[in-house]
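Structure, as structure tokens:
The values are calculated or read from the model by the stated rules, or taken from the named source; none is laboratory data. Treat the numbers as computed from the prediction; the structure is a model and nothing was measured. Don't worry about glycine lacking a Cβ; one is built from the backbone with ideal geometry, like all the others, and counts go over all protein chains shown.
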Amino acid sequence: MGDKPNYKDTMNLPQTDFPMRASLATREPEWLKFWDEIDIYGKSLEVNEGGPTFILHDGPPYANGHIHMGTAFNKVFKDLIVKYKTMRGYWSPYVPGWDCHGQPIEHQVEKNLGSKGMAETSKSDLRAMCRDYAMKFVGIQAEEFKRLGVRGDFDNPYLTLNPSYEAGNVRIFKEMYNRGLIHKGSKPIHWCMRCKTALAEAEIEYSDEVSDSIYVKFWFTEAPEVFAGSAAKVGVLIWTTTPWTLPANVAVTLADRANYVGVRIGDEVLVMAEELVKSVVETAGIESYELVTGADGEPVRVKGSELSGLKYGQPIHENVEGVIITGGHVELSTGTGAVHTAPGHGDEDYLVGFKFNLPSPMPVMDNGVFDDGAGPFAGMHVNKANPVIVEWLTERGDMLHAGKTDHSYPHCWRCKQPVIFRATEQWFVNMDEAKEGRTALRDGALSSIEKVEWIPSWSVNRIRSMVTDRPDWCISRQRAWGVPIPTFTCATCGDVVVSDEIFDAVIHLFETEGADAWFTKEPAEYLPAGTTCSRCGGTELKPEQNIVDVWWESGVSHTSVLEARDELRRPAELYLEGTDQHRGWFQSSLLTSVGAYDEPPFQRVLTHGFIVDGDGRKMSKSVGNVISPLDIIEKSGADIIRLWAAAADYSQDVSISDDILARTSDAYRRMRNTYRFLLSNLFDYTPDRAVAWGDMPEIDQYAMARLADVVERVTKSYDDWKFHQVYHTVFNYCVTDLSSFYFDVLKDRLYSDGVDSVSRRSAQTVLAEILKALVRIMAPILSFTAEEVWQFMPESLRDGAVSVHIAGWPDIEVSAAEAGELREAYVTVLEVREAVTKALEDARNDKIVGKSQEAHVTITVQADTAHILEARGIESLAEMFIVASVSLDVRTACTVCVQITPAIGEKCPRCWSFRDLTEDGVCARCASALASQ
RNA sequence: GGGCCCGUAGCUCAGUUGGUUAGAGCGCACGGCUGAUAACCGUGAGGUCGAUGGUUCGAAUCCAUCCGGGCCCA
């Protein structure tokens, strides 16, 4: 009391309830509730009714398990784009989707049932359980995505198990079938002979198994001259661990560029790869052999490619010939360098067989028993046949060596029995064949690729090479949980029965009752009356039991979703997924769209990298480097994830670690405090207090020019899909332009000048503009925090928008000419300011001054610099350098020389500046401020 | 093994068509302030640009090989 007046109460110190501590984990859910109450999704569309359209079509995540860092990153990314586009005036509906069918869910449900339960469960009951399972995780993931701040039509998402979605599969199938892009063929798949079922890769367990290891001589029907010589018999030597596949042998594959030699053992010559001769003779225990030599005495060496086309006698079947071919899959680490090839029993064999147009015999029935195609072994189970075949070949003199080997072999996850590769009937999308007059799918897809914008640009190389190299697309699966292949087989003649009328009836069936009806109804109940086999007139039609590949299913979303929903349209402006989708969804969407419509389903495809740990390694449970988005939400909040996602350069793999998250939180806090400073100094501001450009102090004009620059730069970065530039621009602006310069300078004016003085109001005018712009440009990224800021802003600054997300985009108008001059002048001002702060630091260390306000600064510069500084005014310079006073000196020898001396004058007890004090004991400015109150 | 891609300070990012001592912010260290205060201001120390070889008067920037990492195949 008494002596010293409490000047603090006479000052305009910042006031706000906007909390410094974010407490995002608890506060974010409140904003979610708020958005729900005001129907922010509906409003985001309403405000842009009639505006240009921007459709980001969501790729459906698999409805299994909780979200992980990758799905979180992807969804946040999509969300910030949709929010940005909405704020820019685009009608931008966002419909999230889920992939609900497929083997992983079915497998999990089967596991939960156990083998006993499985036996008692019908196909349609199993499907019901799978549906429940999928729906449960759709619900879980939807909540998790919403918690991340993702905005969209979560009340009405698209699900691949919805009837209307299922019908879309048939629409595309019909179109592509009619264009000759789909055919039935056969392909080897993993097969369990005991369960009589196909197995997916995930249902295979590998364990060690003792197998035969046999070296078999395939005799040439016409021996190659170079090796013929005086030998009685010339053959090629193959090695295999599966004697039972020999009845299905049609070829021997050699390595293109490897050297092959003839090994003479007795009166037989056996051809094998040169580099494997030693290991073969050792294994077979051959004591005496020699290589066939030429006229020069050197061993005769022949490339695999030179032997291509030669014929040999099939080892099992009399009077049947096999052929020598070459292939890239031949390994020269084991065996003989000559690979026994049975296209019905191996994937590589199948592919090479396809390439050389070889037959694909498959003499093994679904229970593992040979049929008549196995010649002498018909009726025998393959497991029993192995030793019989070995003995049979040995007796005939075709066996060089028969031993055993220990190796990893696939087993059925359910019955633990070894599985076999067995060719079965499958449905394929043709890549290279189409109906007369139609473009082949590969060609169509490749030319479509060129019409799409791929971001980043290398992404086009990836999709192009994958489409170029891929084999025909096998779209059938021997499973229960999915959408059936919509075709029928004639019970009488076995022919495939389809027609437009049949397809349309199935489309109608799926649309009204869902694909489940396929498994519960008789075809006669839904097919048009009188539907018969066009070949034999048979009336009994059997519905196909295979279902369609889930990639096909998600791929047809351009029809089941974009076409089907009123608010969407095909093609979409943007598809956005991780780089793995070049083989997955991007490709299946492209192929089905080009197949049915001859055009791509998207105008633009944006790809991002994978989420890896701080060392760039993939996350895995076993390594223990997994970071869960759910944990981050709980600890730090969703806005931290959003900021992290925005800050990263997504064109490469994106790292996350505790350290990176800590840095992200640091940056978040810095930005939050910037908002807080702005809010707290606008507590008494309304737009009618605004000061016109012409009445503003120059530094305020400069601040406006800088703001305009930042908004322009940020807008361009968003438009160029460079979100990390948005982050860097805004963050640097907050730290460098605002916090350490403009705000620091402004405090004196804001706190000490008269409440209603032009100078203070001018500062507030600029702060309001900064706040209004800054809250908007970060809203797509810091969705929660921006909303919080918005609600703390004076009502009059909110432009009537109930939420920042529908408040539109800032557009700062400043005269280009004036802004240009200011920018140029302030480059110099800020350079000099840097020299001044450096000098002040030295002076402080030398105890010449304490606070910068106690200093008088003498600046010595060259004439042109002095000119620029003088134009600002000596008083303004002192204000900008936050010192008591400034004097200027011109000398050619000095670029920028600064001298610090103690300020003249006394410390004003109110504003702490060093000035001449009036008789009231405060400086003149404070006296006038006090008088005005 | 093949295709596509990545590797600049502890972290996130800049580095125009190859051209002066490689930049920014954060973090860190030290100092200041105590009227943005679990804030704020200042100063400073950090990089042989993954490695090696080559092209060039000159390379983080071009080429080759290798190492490390990612996705997709095999």
Name the single residue, out of those in region A:711-724 being under 20 Å from the mean Cα position of the chain (by Cα) and within 12 Å of RNA strand B (Cβ to nearest atom), that is surrounded by the fewest Cβ atoms within 10 Å (Cβ to Cβ).
A:D720
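Rundown of residues vs (1) surrounded by 15 or more Cβ atoms within 10 Å (Cβ to Cβ); (2) touching a Ser or Thr at 6+ places or on another chain (Cβ under 7 Å); (3) in contact (Cβ under 8 Å) with a residue 40 or more places away in the chain, yes/no style:
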residue: A:V277; (1), (2), (3): yes, no, no
residue: A:V281; (1), (2), (3): yes, no, no
residue: A:A284; (1), (2), (3): yes, no, yes
residue: A:G294; (1), (2), (3): no, no, yes
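Only one of A:V95, A:V82 is in contact with a Lys or Arg (Cβ under 8 Å, 6 or more places away or on another chain), in a loop (DSSP other than H, G, I, E, B) and aliphatic (A, V, I, L, M). Can you tell me which?
A:V95
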Unmet requirement for A:T489, which otherwise passes all of (1) in a loop (DSSP other than H, G, I, E, B); (2) in contact with a Lys or Arg (Cβ under 6 Å, 6 or more places away or on another chain); (3) within 28 Å of A:S588 (Cβ to Cβ):
(1)
Test A:L441 against the criterion of being crowded, with 16+ Cβ neighbours inside 10 Å and modelled with pLDDT under 90, and give yes or no.
no
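Confirm whether A:V654 is within 29 Å of A:A72 (Cα to Cα), within 10 Å of RNA strand B (Cβ to nearest atom) and surrounded by fewer than 17 Cβ atoms within 10 Å (Cβ to Cβ).
When the stated conditions are applied, A:V654 does not pass them.
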Here the residues within region A:6-63 that are in a loop (DSSP other than H, G, I, E, B), within 10 Å of RNA strand B (Cβ to nearest atom) and of a type in the set (D, E, K, R) are A:R21
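Step by step: first the residues of region A:323-351, then only those that are assigned to a loop (DSSP other than H, G, I, E, B) and among the hydroxyl-bearing types (S, T, Y), then the one that is farthest from RNA strand B (Cβ to nearest atom). Which residue is that?
Only one residue tops the list, namely A:T336.
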In region A:204-231, which residues are part of a helix (DSSP H, G or I) and surrounded by fewer than 22 Cβ atoms within 10 Å (Cβ to Cβ)?
A:E225, A:V226, A:A228
Would it be correct to say that A:G530 is at positive phi and assigned to a loop (DSSP other than H, G, I, E, B)?
yes
Is it the case, given these coordinates, that A:I627 is within 14 Å of RNA strand B (Cβ to nearest atom) and under 29 Å from A:S23 (Cβ atoms)?
yes
Looking at region A:748-756, can you tell me whether even one residue there is more than 11 Å from RNA strand B (Cβ to nearest atom) and within 12 Å of A:V691 (Cα to Cα)?
yes
Matching residues in region A:335-375 - criterion: being within 14 Å of A:T242 (Cβ to Cβ) and among the β-branched types (V, I, T)
A:V339, A:T341, A:V364
Being β-branched (V, I, T), at pLDDT 95 or above and surrounded by fewer than 16 Cβ atoms within 10 Å (Cβ to Cβ) narrows A:I67, A:I55, A:I38 down to just A:I38
Of the residues in region A:483-504, those that are within 34 Å of the chain's Cα centre (by Cα) and of a type in the set (D, E) number 0
Being surrounded by fewer than 19 Cβ atoms within 10 Å (Cβ to Cβ) and not basic (K, R) is true for just one of A:V758, A:V804. Which residue is that?
A:V758
Condition check for A:D684: more than 9 Å from RNA strand B (Cβ to nearest atom), part of a loop (DSSP other than H, G, I, E, B), in contact (Cβ under 8 Å) with a residue 24 or more places away in the chain and out of contact with any Asp or Glu (no Cβ under 8 Å at 6 or more places or on another chain):
yes
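One line per residue, one yes/no per condition, for (1) among the hydroxyl-bearing types (S, T, Y); (2) in contact with a Gly (Cβ under 7 Å, 6 or more places away or on another chain); (3) in contact (Cβ under 8 Å) with a residue 12 or more places away in the chain; (4) more than 13 Å from RNA strand B (Cβ to nearest atom):
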| site | (1), (2), (3), (4) |
| --- | --- |
| A:K635 | no, no, yes, yes |
| A:D639 | no, no, yes, yes |
| A:A647 | no, no, yes, no |
| A:R663 | no, no, no, no |
| A:A667 | no, no, yes, no |
Tally the residues that are under 14 Å from A:L606 (Cα atoms) and either of a type outside the set (D, E, K, R) or in a loop (DSSP other than H, G, I, E, B) (or both), restricting the search to region A:64-75.
2
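Residue-wise test of (1) under 29 Å from the mean Cα position of the chain (by Cα); (2) surrounded by 21 or more Cβ atoms within 10 Å (Cβ to Cβ); (3) part of a helix (DSSP H, G or I).
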{"site": "A:F428", "(1), (2), (3)": "yes, no, no"}
{"site": "A:A445", "(1), (2), (3)": "yes, yes, yes"}
{"site": "A:S457", "(1), (2), (3)": "yes, no, no"}
{"site": "A:S465", "(1), (2), (3)": "yes, no, yes"}
{"site": "A:T468", "(1), (2), (3)": "yes, no, yes"}
{"site": "A:V506", "(1), (2), (3)": "no, yes, yes"}
